[in-house]
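Inspection log for the structure reproduced underneath, given as structure tokens.
The values are calculated or read from the model by the stated rules, or taken from the named source; none is laboratory data. Quick caveat: nothing in here was measured; it's all calculated off a predicted structure. Don't worry about glycine lacking a Cβ; one is built from the backbone with ideal geometry, like all the others, and counts go over all protein chains shown. Please note that ligands, DNA and RNA were not included when accessible areas were found on the heavy atoms of the full protein model with its side chains. Shrake-Rupley method; radii C 1.70, N 1.55, O 1.52, S 1.80 Å.
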Amino acid sequence: MDHGLRRGRLAERLVELELEALIVTRLPNVRYLTGFTGSNAQVVIAGDGSAVFLTDGRYGAQSAHEVPDLPRTVVREGYPRPLVEACRTLGVARAGFERRALTYEGWEQLTELAADLELVPIGPEVERLRRTKDPDEVALIERAQGFADLAFETVVLNGGLREGVTERHLALELENAMVEAGAEDRAFDSIVAFADHAAEPHHHLTDRELARGDMVKLDFGARSDGYHSDITRTVAFGEPDPRMREIRDLVAAAQRAGIDAVRPGVSTVEVDAAARSVIAEAGHGDAFPHGLGHGVGLEIHEAPFLRWDGGEDLVEGMVVTIEPGVYIPGLGGVRIEDMVEVTADGRREIPRSTKELMVLWASPPTT
Ligand code: ZN
Ligand code: ZN
């Protein structure tokens with residue numbers, strides 16, 4: 001990862017914004033710009049590309065090898081004062097800060113100390129840079145997805161669905177399989193939802209036991225060097241309700257339409273509409289209450305967001321999910337989700353897990 005190149009890109013943008021520096025306090029943005037992987041750090045990037053990195057005493061040694069190319073300050077107090085001092089060190093009189101990252105309390109402290117330093121709230125500028133991935137980033141996302149694909153095969157397709165297994169236990173088995181395969185962690189709290197529980201798009205795990213005829217919705221992912229993966233599959237344990245089969249086919253058709261709409265230059269609103277219209281035409285528009293997808297990278301949910309509002313054009317190098325769903329209270333729900341890389345001539349689907357409706361049934365032990 002070329003962090004210097006990224007800081008250079010941000011510095012160019014600062015000139016356009018008429019800022020002399022940006023105070024970066026959102027941790028994924030600090031990581032993107034410096035390579036630091038710990039849990040507390042800030043970085044001030046000046047318009048000429050120079051920068052000061054700040055962390056606390058727990059991370060002195062770690063930051064020395066992760067961020068060898070920047071002047072580092074190990075702070076002994078809360079961050080407002082050291083940040084203002086860093087701006088002074090860089091000779092900055094007008095600095096932006098990330099408005100979504102600062103608390104009201106932080107703002108009060110910062111303005112109290114700022115004196116002659118002018119502070120300007122700015123939008124998600126680093127997140128904007130992060131939308132398009134370089135090949136190294138795509139490779140890490142793909143690697144993370146490989147761990148999830150392997151877990152799906154070894155657990156779900158290989159007898160893991162069995163009478164009496166609980167949602168909680170199945171989630172744990174998937175997560176263990178990902179880490180066994182080489183993932184550094186799971187990407188987020190896995191969603192495993194049996195039967196009518198799947199009618200909640202983001203169901204929380206319970207101790208419900210799997211029963212024959214249940215459809216199972218699994219939304220999970222792995223992390224590799226900080227980069228996330230995200231996939232949803234819906235499978236059946238024994239023959240499902242015919243209404244659920246129909247819904248599955250509808251969601252699969254909607255997802256196909258969404259994926260096929262992905263290419264550089266197309267608006268995220270159009271991609272959302274391509275999938276949403278398939279579901280709406282079948283009379284289930286109200287049963288698809290969330291956006292079609294989101295970017296994936298150093299955060300599990302990041303720009304661009306594919307929704308019916310707030311559109312932006314897709315650009316080569318973006319990695320986005322396409323994840324339509326239909327949720328029927330009391331009956332069940334289906335979501336199918338894949339990460340797609342926007343390529344020069346269209347798109348490339350990253351996961352290799354089958355999205356056919358797998359009807360799995362393991363006989364209970366006879367002893
Ligand atoms: Zn997901
Ligand atoms: Zn997702």
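Excluding ligands, DNA and RNA, what is the solvent-accessible area per residue of region 1-131 at a probe of 1.4 Å, expressed in Å²?
Working: 6250 Å² over 131 residues.
Counting only protein heavy atoms, the per-residue value for region 1-131 is 48 Å².
In this structure Val269 has an accessible area near 50 Å², from a 1.4 Å probe over the protein heavy atoms. The share of alpha-carbon pairs in the chain lying farther apart than 38 Å comes to 28%.
Spin-label pair Leu331-Trp107: with each label point 7 Å from Cα along the Cα-Cβ axis, the two points sit 4.6 nm from one another.
Is region 205-344 best put as rounded, prolate or oblate by its Cα gyration tensor, with a ≥ b ≥ c the root eigenvalues, rounded for a/c under 1.5, and otherwise prolate when a/b is larger than b/c, oblate when not? Since a/c reaches 1.5 but b/c is at least a/b, the shape of region 205-344 is classed as oblate.
Toward the positive end of the charge dipole of the chain, with +1 on the Cβ of Lys and Arg and -1 on the Cβ of Asp and Glu, the farthest Cα among His294, Leu360, Leu140 is that of Leu140.
About its Cα centre, the dipole of region 163-295 is roughly 360 debye, where the only charges are +1 on Lys and Arg Cβ and -1 on Asp and Glu Cβ. Using Cβ point charges alone (K and R +1, D and E -1), the dipole size of region 1-81 about the Cα centre works out to roughly 320 debye. For the chain, the longest principal axis of the C-alpha atoms and the axis of helix 242-261 are separated by about 40°. Measuring gaps between exposed loop sites in the chain (GluC sites (Glu not before Pro); DSSP loop; at most 13 other Cβ atoms within 10 Å), the longest gap, sites not included, is 78-355.
Students sometimes get this wrong: rank Val74, Val342 by accessible area, probe 1.4 Å, all chains present, largest first.
Details: Val74 60, Val342 0 Å².
Greatest to least solvent exposure: Val74, Val342.
For the set His294, His204, solvent exposure ranked by accessible area (probe 1.4 Å, protein chains only) runs largest to smallest as His204, His294.
Amide H contacts under 5 Å for Gly96: Glu20, Ala21, Leu22, Ile23, Val120, restricted to partners 5 or more places along the chain or on a different chain, H placed in the peptide plane at 1.01 Å from N. Reducing region 17-69 and region 294-359 to their Cα centroids gives an inter-centroid distance of 31 Å. The heavy atoms of His301 present about 90 square angstrom of accessible area, all protein chains included, probe 1.4 Å. Electrostatic bookkeeping for Ile328 treats Lys and Arg as +1 and Asp and Glu as -1; over the other residues with beta carbon under 14 Å from its beta carbon, the sum is 0. Computed from phi, the 3J(HN,Hα) profile of region 118-129 under the Karplus parametrisation 6.51, -1.76, 1.60 (θ = phi - 60°) reads 7, 10, 10, x, 10, x, x, 5, 5, 4, 5, 5 Hz, with x in place of Gly and Pro.
Over region 176-307, what is the relative contact order in percent, taking alpha-carbon pairs closer than 8 angstrom and at least six residues apart? Intermediate results must be reported in sequence, preceding the final value.
Working: 201 pairs, mean separation 25.8, N = 132.
The normalised contact order for region 176-307 reaches 20 percent.
Just checking the listed ones, Ala115, Ala177, Ala211: in the Gaussian network model of the chain with Cα springs under 10 Å, the one fluctuating most is Ala115. Remark: accessible surface ordering of Met358, Met1 (largest first) is Met1, Met358, probe radius 1.4 Å. The C-alpha atoms of the chain define a longest principal axis, and helix 268-281 lies at about 20 degrees to it. In this structure Trp361 has an accessible area near 90 Å², from a 1.4 Å probe over the protein heavy atoms. Karplus-based coupling profile of region 34-42, in residue order and whole Hz: 10, x, 6, 10, x, 9, 8, 6, 9, with θ = phi - 60° in 6.51 cos²θ - 1.76 cosθ + 1.60 and x standing for Gly or Pro. Charge tally for Ala64 (other residues, Cβ to Cβ under 15 Å; Lys, Arg +1; Asp, Glu -1): -1. In this structure, the amide hydrogen of Met318, modeled 1.01 Å from its nitrogen in the peptide plane, lies closer than 5 angstrom to those of Lys133, Val342, counting only residues at least 5 positions away or on a different chain. Placing unit charges on each Cβ (+1 for Lys and Arg, -1 for Asp and Glu) gives the chain a dipole about its Cα centre, and among Thr343, Trp308, Ile191 the Cα reaching farthest toward its positive end belongs to Ile191. DSSP beta bridges confined to the chain are antiparallel in about 75 percent of cases. Annotation: amide H of Val266 within the under-5 Å range of Leu314, sequence separation 5 or more or interchain, hydrogens built in the peptide plane. Counting only protein heavy atoms and a probe of 1.4 Å, the accessible surface of region 248-322 is 53% carbon and sulfur.
Oblate is the label for region 149-276, because a/c, from the alpha-carbon gyration tensor with a ≥ b ≥ c as root eigenvalues, is 1.5 or above and a/b does not exceed b/c. Working note: 222 nm ellipticity from helices only, DSSP H runs with n ≥ 4, each -39,500 (n - 2.57), summed and divided by the residues of the chain, gives -10500 deg cm²/dmol to the nearest 500. In order along region 150-160, the Karplus-derived 3J(HN,Hα) couplings, from 6.51 cos²θ - 1.76 cosθ + 1.60 at θ = phi - 60°, round to 5, 5, 4, 5, 6, 9, 6, 7, 10, x, x Hz, and Gly and Pro are given as x. Each Cα pair under 8 Å and six or more residues apart adds its sequence gap; the mean of these over the residue count of the chain is a relative contact order of 15 percent. Region 151-197 and region 131-145 have Cα centres spaced 23 Å apart. Going by a ≥ b ≥ c, the root eigenvalues of the Cα gyration tensor, does region 1-97 fall in the rounded group (a/c under 1.5), the prolate group (a/b larger than b/c) or the oblate group? It is oblate, given that a/c is not under 1.5 and a/b is not larger than b/c.
Give the carbon-plus-sulfur fraction of the accessible surface of region 101-199 in %, rounded to a whole number; probe 1.4 Å, heavy atoms of protein chains only. Could you put the intermediate results ahead of the total?
On the way: 2100 of 4400 Å².
The computed percentage sits at 48.
Here region 98-124 is scanned for amide nitrogen atoms under 16 Å from the site 7 Å beyond the Cα of Glu16 along Cα-to-Cβ, giving 122-124. In this Cβ point-charge picture (+1 for Lys and Arg, -1 for Asp and Glu), region 221-367 has a dipole of about 480 debye about its Cα centre.
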